[in-house]
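Taking it in order: structure first as structure tokens, then the write-up.
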Amino acid sequence: MAPSIPNTTGSESPADVPYGPYTSFPWEPFTEYGGEKSIIYRSADGKVVAAAAKETGTATLTYPCDELFYVTDGWVKLNVHGGDHFILTKGEFTYLKKGTTIDFTFSPRFANVAVFMDNEPVTLL
């Protein structure tokens, strides 16, 4: 399959529907999380972003927006401040609300696809 084409302008044209394996979209460095990211879709107002990421190491994040993510490879440990500690593996997902603080530990091959949403433009990616 040819490389997939993202829709980063929020175009409503049927010709601009992004599709294909998440690995076939363009990737760029995601140095904050020791890996790479790929923006698959960004709405015209910037309030919805669909993306894929490959992350390694550890990180702590207080969410500036909501995120639903689905693990596509590896595993990730999550320590939700004031909540549960759990591990997600390939095929599992979570929904994280704006304002939630999470400590992450990523496996060496961790990858995910995610949708970020907010009432303001998403700036995390």
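What follows draws every value from the coordinates through simple rules; no lab data is involved. Keep in mind it's a predicted model, so treat the numbers as computed, not measured. Because the Cβ atoms are built from the backbone with ideal geometry, glycine has one as well, and the counts that use them run over all protein chains shown.
So, of the residues in segment 2-53 that are part of a helix (DSSP H, G or I) and out of contact with any Pro (no Cβ under 7 Å at 6 or more places or on another chain), which turns out to be nearest to TYR70 (Cα to Cα)? If you could, list the steps in order and put the result at the bottom.
Of the residues in segment 2-53, the ones part of a helix (DSSP H, G or I) are 14-16, 22-24, 31-33.
Imposing the further condition that a residue be out of contact with any Pro (no Cβ under 7 Å at 6 or more places or on another chain) reduces the set to 14-16, 22-23, 31-33.
On the way: PRO14: 25, ALA15: 26, ASP16: 23, TYR22: 12, THR23: 14, THR31: 21, GLU32: 20, TYR33: 17 Å.
Here the answer is TYR22.
Assess whether TYR95 counts as being touching a strand residue (DSSP E or B) at 6+ places or on another chain (Cβ under 6 Å), hydroxyl-bearing (Ser, Thr, Tyr) and closer than 27 Å to PRO3 by Cα.
For TYR95, the condition - touching a strand residue (DSSP E or B) at 6+ places or on another chain (Cβ under 6 Å), hydroxyl-bearing (Ser, Thr, Tyr) and closer than 27 Å to PRO3 by Cα - is not met.
Within segment 78-125, count every residue that is of a type in the set (S, T, N, Q), touching a residue at least 40 places away in the same chain (Cβ under 8 Å), part of a strand (DSSP E or B) and out of contact with any Lys or Arg (no Cβ under 8 Å at 6 or more places or on another chain).
Summing the residues that are of a type in the set (S, T, N, Q), touching a residue at least 40 places away in the same chain (Cβ under 8 Å), part of a strand (DSSP E or B) and out of contact with any Lys or Arg (no Cβ under 8 Å at 6 or more places or on another chain) in segment 78-125 gives 2.
On the basis of being surrounded by fewer than 16 Cβ atoms within 10 Å (Cβ to Cβ), part of a strand (DSSP E or B) and hydroxyl-bearing (Ser, Thr, Tyr), does THR72 make the cut?
no
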